1. Conditions: (1) within 24 Å of Leu8 (Cβ to Cβ); (2) modelled with pLDDT of 90 or more; (3) of a type outside the set (D, E, K, R); (4) open to solvent by 40 Å² or more (accessible area, probe 1.4 Å). Leu125 meets all but one. Number of the miss?
2. Kindly list the number of the only condition in (1) modelled with pLDDT of 90 or more; (2) under 21 Å from Ala142 (Cα atoms) that fails for Ala80.
3. Every residue in the range 133-146 that is touching a Cys at 6+ places or on another chain (Cβ under 9 Å) and either open to solvent by 20 Å² or more (accessible area, probe 1.4 Å) or farther than 20 Å from Ala166 by Cα (or both), please.
4. Would you confirm, using the coordinates I've provided, whether Pro97 is open to solvent by less than 70 Å² (accessible area, probe 1.4 Å), touching a residue at least 24 places away in the same chain (Cβ under 8 Å) and assigned to a loop (DSSP other than H, G, I, E, B)?
5. Can you list the strands (runs of 3 or more DSSP E) lying wholly within the range 173-280 that have 1 or more residues being modelled with pLDDT of 90 or more, touching a Phe, Trp or Tyr at 6+ places or on another chain (Cβ under 6 Å) and surrounded by fewer than 16 Cβ atoms within 10 Å (Cβ to Cβ)?
6. If you scan the range 39-61, which residues turn out to be open to solvent by 40 Å² or more (accessible area, probe 1.4 Å) and under 23 Å from Gly144 (Cα atoms)?
7. Restricting attention to the range 147-165, and to residues there that are of a type in the set (A, V, I, L, M) and open to solvent by 10 Å² or more (accessible area, probe 1.4 Å), which single residue is farthest from Ala263 (Cα to Cα)?
8. Collect the residues in the range 103-122 that are open to solvent by 20 Å² or more (accessible area, probe 1.4 Å) and under 8 Å from the mean Cα position of the chain (by Cα), keeping them in residue-number order.
Amino acid sequence: MSTPLPPLRQLTYLIALHEHGHFGRAAAACFVTQSTLSVGIAELERLLRAVLVERSSRSVRFTGLGEEVVARARDVVRAAEDLCAVAEGAREPLVGPLRLAAIPTVAPFLLPRLLTDLATTWPRLRLFVREMLTGTACEALARGTVDCVLLALPTECGDVDTVEVAIDRLMLAMPAGEVASLDAIDPARLLLLEDGHCLRNHALAACSLGAPTADAPLVASTLHTVVGLVDAGLGVTLLPEMAVAAGLLNGTRVSAHPLDEPAAERRIALAWRTDHPREAEFRLLGERVRAVAQA
């Protein structure tokens, strides 16, 4: 008699445990209790008659076979999700769950308006939104753990299709009273986000600068911190126009000025993997994002 096929739910639990490396965090990501997830993985091991996970009080380690099963399970789960997506999209577009990631230099300035609009436009769409750095979001896209990503181009994100939703100009931000142009910026005073933020690369390209040394004295992880440093007179920076329009500089003495340089911009886009069966829906979603971004 052949071995019974493992349930998709148990495979999903195993994938989540591999991604989070912790039973509690994996259970939360799957919206189940820790005991439910643990029992599900144990049942999967009994079904396959193999140890996939080595458990201890301090860590979770996957066996060699466990690593291979996880890799194959991702393909199986993604294929099943694609099958359901095809059926749902044929009945009515943008219905049911959709996992959207957005990079930190876009999310706080676009998502509040966008999510409010989408709740009205497609009330049966169930969005699961995560804020991720560009590299992490692109990896999640390739793995199939997110469906689409709001990011800034140009950037390397693997084999994806995109819909451009906005041109976001970069603005020179400086302490009140200072007057400067982009070509007059002292590179030593240019404040940047930490490595991993694509805005960092866009700012360096706009200034025709190479990557700063690892021992740069001031590096921030959020735009709010960068603005605080500029407000304190510690340097200047480049900010996205969408962030300034959303009120990022409110309550500060920082002033922002448009730049004329062609390279001083980034293109905001919705991206998804090229083989995703919901491409038509994502293009429809991208058109709606464009309408909200340009409103």
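1. Result: Leu125 fails condition (4) only.
2. Looking at each condition in turn, Ala80 falls short on (1).
3. Within the range 133-146, the subset touching a Cys at 6+ places or on another chain (Cβ under 9 Å) is 133-135, 137-138, 141-142.
Listed by number, the residues that qualify are Leu133, Gly135, Leu141, Ala142.
4. Working: open to solvent by less than 70 Å² (accessible area, probe 1.4 Å): yes; touching a residue at least 24 places away in the same chain (Cβ under 8 Å): yes; assigned to a loop (DSSP other than H, G, I, E, B): no.
The answer is no for Pro97.
5. Numbers: elements: 237-240, 254-258, 265-273.
It comes to none.
6. If the condition is that a residue be open to solvent by 40 Å² or more (accessible area, probe 1.4 Å) and under 23 Å from Gly144 (Cα atoms), then Arg61 is the only one that fits.
7. Keep residues of the range 147-165 that are of a type in the set (A, V, I, L, M), which gives 149-153, 160, 163, 165.
Subset that is open to solvent by 10 Å² or more (accessible area, probe 1.4 Å): 153, 160, 163.
Working: Leu153: 12, Val160: 23, Val163: 20 Å.
So, considering only residues that are of a type in the set (A, V, I, L, M) and open to solvent by 10 Å² or more (accessible area, probe 1.4 Å), the one farthest from Ala263 (Cα to Cα) is Val160.
8. Result: Pro104, single match.
The values are calculated or read from the model by the stated rules, or taken from the named source; none is laboratory data. Since the model is a prediction, treat every value here as computed from it, not as a measurement. When we count neighbours, we look across all protein chains shown, and the Cβ atoms used for this are built from the backbone with ideal geometry, even at glycine. In case anyone asks, the SASA skips ligands and DNA or RNA and just uses the protein heavy atoms, side chains included. Shrake-Rupley method; radii C 1.70, N 1.55, O 1.52, S 1.80 Å.
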